[in-house]
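Right, one structure below, let's go through it.
A short reminder: the numbers here are calculations on the coordinates, not readings from a lab. Everything numeric in this text was worked out from a predicted model, so none of it was measured. As a convention, Cβ positions derive from the backbone with ideal geometry for all residues, glycine included, and neighbour counts pool all protein chains shown.
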Amino acid sequence: MDYESKLERVAVLGAAGKMGSGILLLTAIEMADLSLLPENRGRTFAIQAIDMSFEGLAGLMNYLRAQVLRAAEKKMVWLRSVYADRADLVENGQILQQYVFDVLNIVRPTIRLEAAFDCYIIFEAIKEDPALKKEIYKKIDAANPHKPWYFTNTSSIPISELDTDAGLDGRIIGFHFYNPPAVQKLVELISSGKTAPELESFALQYAVKLGKLLVRSNDKAGFIGNGHFMRDALHGISEAEQLAADMPLYEAIYMVNKVTQDYLVRPMGIFQLIDYVGVDVVSYIMQVMNPHFPGEELHSSRLDSYLKLGVRGGQNSDGSQKDGILKYEKGKLVAVYDDVSKQYIPIDGFRESADKQLGPLPVSYQPWKQVVNSRTKEVIFAALFAEINSMDTLGSKLAINYARRSKEIGLQLVSDGIAQADEDVNTVLLTGFFHALGPITNHV
């Protein structure tokens, strides 16, 4: 079965979620574009948008309508060519609305898993729960006569484990989109030892058509992205806990978050990133990964205690940040959670004293937005780290320790056979996490 034929019948599981909705959007547009080609006019393309929530599916359709219109506006020349035989489509607005209709017309929102029973490809973006994923794969596979291919968006579970336990016989591949899928260029591709060559070939073609940057990760829990992030987060938590011997933990968290954002020139500090992903999600990913690395302790009792107190983070349905370890107002940090008083402590009440303890920022410091796309960022970082290494402040010491640990984690991913090369680690952190500098090329 060729590329177009495989894409005639597709299902997305978890379609109304933040990852599933993006995967659905990209795939629906690709399918609609194929359907508009003259050679495919006789084919019927349909994508089953499967989720448990009617409300979520209603929101999904509104999201799709807005995003497809934006996508259409960027390819007006092509749309004029494919609709050239439509005498009723003259004005740009008419063409745009027709394209939105054509894309949405192939989407079938449903709460019924049975909708996947006649599909050739299943995109899975449900909860990061191995048992749940395997149960659903088995249910679909038992009722689907087509021996479908499974594209799992897992960011931590070994593909070989899912394949073996669900009895898929090589019909599954790890295709880990980064959040948000419609914007992020990066995809981690993970094949197991049994992944069918034709499935991998299709995945490569699909990635090219979507304009994605593929980085291959070997099939070990956490892969490259979470392999680095989870260990990076544990280091940040540990540094804050050590500082808390001499100050309240909430001040220590503020300080480590500031150092990881400002001194290391990242888009957000480590505790902001934990909140962004979700305290519960980070904790659960560590739980999934931990049994696969018996020589390490990939677990945080600190995160456990936050969850018991109801501190979860994550994002609202409109994409805004929920309060987690940090409290946010209009996207800005305003307070840090104190697990002693069980309330948020305003940053303005201790910022001055905390910043004084850290010491002044390096003179050569530039914010992330100015550095990330600079053509001279290597020169900028060389000067920054030279200055940091010459300073004798708490902030500089924390930054050096953090950068060294980040580099050590990256090199470990390569030596453990998870990443195939240093450059792959750098690419994932630069592209998937928007770091301005790859961890293995930092100047410490």
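For the reader, a short list of remarks on this structure follows.
- For Rg and Dmax of the Cα atoms in Å, the value computed from the atomic coordinates appears in the list (1) 20.8, 63; (2) 21.7, 64; (3) 23.4, 75 under label (3).
- Remark: the stretch 71-77, residue by residue, has Karplus-estimated 3J(HN,Hα) of 5, 5, 4, 7, 9, 5, 4 Hz, where x stands for each Gly or Pro and the curve is 6.51 cos²θ - 1.76 cosθ + 1.60 at θ = phi - 60°.
- Alpha-carbon centroid distance for the pair the stretch 339-391 / the stretch 202-224, whole angstrom: 34
- Couplings 3J(HN,Hα) of the stretch 380-389, computed from phi: 4, 5, 4, 5, 4, 6, 4, 5, 4, 5 Hz, in residue order, whole Hz [Karplus 6.51 cos²θ - 1.76 cosθ + 1.60, θ = phi - 60°; x for Gly and Pro].
- Cα-centred dipole magnitude for the stretch 3-216, charges only on beta-carbon of K, R (+1) and D, E (-1), debye, nearest 20: 300
- Helical mean residue ellipticity (222 nm; -39500 (n - 2.57) per DSSP H run of 4+; nearest 500) of the chain: -14500 deg cm²/dmol
- Distant-in-sequence amide H partners of LYS327 (H built 1.01 Å from N, under 5 Å): VAL334, ALA335, VAL336, TYR337
- Most positive-pole-ward Cα, PHE229, GLY211, ALA166, against dipole of the chain from beta carbon charges: GLY211
- Site-free segments of the chain were taken between GluC sites (Glu not before Pro) in DSSP loops having at most 12 other Cβ atoms within 10 Å, sites themselves excluded; the longest one is 92-296.
- Under Karplus coefficients 6.51, -1.76 and 1.60, residue-wise ³J(HN,Hα) of the stretch 120-126 in Hz, glycine/proline x: 8, 10, 10, 8, 10, 9, 9
- Candidates SER191, SER238, SER201: whichever shows maximal mean-square fluctuation once the chain is modelled as a Gaussian network with Cα springs under 10 Å: SER201
- Relative to the Cα centre, the charge distribution of the chain, modelled as +1 at Lys and Arg Cβ and -1 at Asp and Glu Cβ, gives a dipole magnitude of about 740 debye.
- Within the stretch 164-252, percent of DSSP bridges classed antiparallel, to nearest 5: 50
- Entries of LYS212/LYS330; LYS133/LYS194; LYS74/LYS377; LYS209/LYS377 with Cα pairs more than 20 Å apart: LYS212/LYS330; LYS74/LYS377; LYS209/LYS377
- The chain: most fluctuating residue of GLY319, GLY269, GLY170 per GNM, C-alpha cutoff 10 Å: GLY319
- The stretch 223-269: C-alpha gyration tensor shape, a/c 1.5 cut-off, then a/b vs b/c: oblate
- Leading residue at positive end of dipole, the chain (Cβ point charges), from SER238, VAL425, LEU249: VAL425
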